[in-house]
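Colleague: Take a look at this one; I'll ask things after.
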Amino acid sequence: MKLSRSPYIIEVDDATQTGSKIELFLAADVGTANPTYTLSKLIPASNNTKTFYNISPYVREYYSFTTWQNATGLAYGIDTNTDYLVDYEVKSYNLIGGSYVLDTTETGTFVDGYNYYMDGYNSTTPIALLDEGTYFYNYDATIPTTQGNGLWGSFDCELSIGDVVKYTDLVTGATFTETATTDGVKSYARAYLTYAPNGNKVEILIGGVTERWTAYFKPQCEPKYQPVVVDFINRYGSWSRIFFQKVKKRSINVKTNEYKFNPSALPYYPNLSGDGQFKEFNINAKETIKLNTGWVNDDYGDYIQQMLLSEKVLLLDYEVNTNYTPVKAKTKSLQKQVGINDGMINYEMEFEFAYDLINNVV
């Protein structure tokens with residue numbers, strides 16, 4: 001799959017062309033005769049006939065992110081929600097002798113992810129839309145799986161018929177496998193339900209044989225604090241989850257406008273009227289919350305970096321609100337910790353709720 005938060009370049013070139021155009025079909029327009037967008041340009045010079053089109057900005061208009069399956073964490077191999085997948089088709093044409101001639105046709109799927117500069121040009125996603133590594137989740141048998149912060153979350157992957165997702169219990173060695181029966185992007189729980197108390201290794205086996213991706217998901221029981229869940233769109237355009245298991249602190253920042261006024265009558269009696277010389281209006285506030293991950297491993301620096309770079313972040317603090325709420329990361333810098341330098345690793349992050357405390361929507 002292609003990544004639309006980074007440029008995705010279509011190159012059109014023919015030694016005899018004087019220009020080019022592309023027809024871009026997105027979402028429901030794929031397979032029809034009506035392109036969503038048509039773009040064209042002339043060649044820069046007779047000795048430089050290459051033309052380039054960046055289609056990423058046009059794709060990004062078609063995501064909705066209205067639902068996500070990370071909240072379930074109990075499903076294995078279900079087709080993922082399509083509101084963060086955008087199918088596309090590009091037809092490229094050469095302008096030769098005053099007429100457009102079809103050159104190539106390209107089809108595929110976009111996700112709203114990005115690649116890093118060192119990844120190079122037109123990178124695509126790996127088979128799983130989550131980095132290999134070790135991840136922690138809250139596990140407390142007293143928290144029901146119907147409660148959001150009692151779920152370990154899920155990950156998405158692009159599979160073909162016959163590919164296998166294999167779970168291995170980290171204590172008993174027991175295994176559970178799910179085989180893909182259709183092609184497409186599938187959602188899998190990070191932990192198999194009966195392995196959740198111990199944690200598990202998850203492998204993706206191509207054709208049921210060749211290992212392509214491995215990650216470890218391990219439980220942490222936090223007896224003192226109610227864990228807070230943060231879900232975000234990661235670098236691969238898929239929902240990911242981080243548990244913040246330790247100290248949390250909420251605060252508000254009040255903002256106001258102020259004006260100065262004179263008493264309505266003289267002489268004035270301040271003790272009776274209760275008025276001063278200054279009044280405030282348009283009073284509102286923003287709420288923030290500071291969270292701590294608890295003890296994590298070296299991998300979490302890159303994982304939290306993806307959260308800081310995300311444009312879609314949701315938070316669930318079950319002690320205050322049983323619904324997910326939109327937030328934005330107020331923390332704008334990150335010192336990545338490593339165990340050899342820092343010993344036990346904990347990340348403290350501050351988030352600002354993405355709305356005014358007093359409802360002023362009109």
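The values are calculated or read from the model by the stated rules, or taken from the named source; none is laboratory data. From a predicted model like this one, the values you see are computed outputs, not experimental measurements. In this analysis, Cβ positions are derived from the backbone assuming ideal geometry, glycine residues included, and neighbour counts consider all displayed protein chains.
Colleague: In the stretch 165-173, is there at least one residue being part of a loop (DSSP other than H, G, I, E, B) and buried (at least 19 other Cβ atoms within 10 Å of the Cβ)?
Modeller: Pass one, the stretch 165-173, residues part of a loop (DSSP other than H, G, I, E, B): 170-173.
After this cut, where a residue has to be buried (at least 19 other Cβ atoms within 10 Å of the Cβ) as well, the list is none.
Checked against the condition, which is being part of a loop (DSSP other than H, G, I, E, B) and buried (at least 19 other Cβ atoms within 10 Å of the Cβ), the stretch 165-173 yields no hits at all.
Colleague: Name the single residue that is surrounded by the fewest Cβ atoms within 10 Å (Cβ to Cβ) among those in the stretch 233-267 being among the polar types (S, T, N, Q) and assigned to a strand (DSSP E or B).
Modeller: In the first step, residues of the stretch 233-267 are kept if they are among the polar types (S, T, N, Q); the result is 234, 238, 240, 245, 251, 253, 256-257, 262, 264.
Of the ones still in play, those that are also assigned to a strand (DSSP E or B) are 240, 251, 253, 256-257.
On the way: Ser240: 26, Ser251: 11, Asn253: 11, Thr256: 11, Asn257: 9.
Here the answer is Asn257.
Colleague: While we're looking at this one, here's another question. Could you pull out the residue among Ser251, Ser264 that is in contact with a strand residue (DSSP E or B) (Cβ under 7 Å, 6 or more places away or on another chain), over 26 Å from Asp79 (Cβ atoms) and small (Gly, Ala, Ser)?
Modeller: Every option except Ser251 fails the conditions.
Colleague: In a loop (DSSP other than H, G, I, E, B), within 19 Å of the chain's Cα centre (by Cα) and outside the structural domain of Phe244 (by TED's automatic domain parsing): is that true of Asp156 in this structure?
Modeller: No: the conditions fail for Asp156.
Colleague: Could I ask something else about it? If you take the residues in the stretch 185-205 that are aliphatic (A, V, I, L, M) and farther than 27 Å from Val111 by Cβ, which one is surrounded by the most Cβ atoms within 10 Å (Cβ to Cβ)?
Modeller: Checked the stretch 185-205; the qualifying residue surrounded by the most Cβ atoms within 10 Å (Cβ to Cβ) is Ala196.
Colleague: Then there is this: Tell me which residues, restricted to the stretch 78-96, are in a strand (DSSP E or B) and buried (at least 17 other Cβ atoms within 10 Å of the Cβ).
Modeller: Val86, Asp87, Tyr88, Glu89, Val90, Lys91, Ser92, Tyr93, Asn94, Leu95
Colleague: Same structure again: Name the pairs whose Cβ atoms lie under 8 Å apart, with the first residue in the stretch 99-124 and crowded, with 17+ Cβ neighbours inside 10 Å, the second among the basic types (Lys, Arg) and not in a strand (DSSP E or B), and 6 or more positions between them or separate chains?
Modeller: Filtered contacts from the stretch 99-124: Asp112/Arg5; Asp112/Arg60; Gly113/Arg5; Gly113/Arg235; Tyr114/Arg5; Tyr114/Arg235; Asn115/Arg235.
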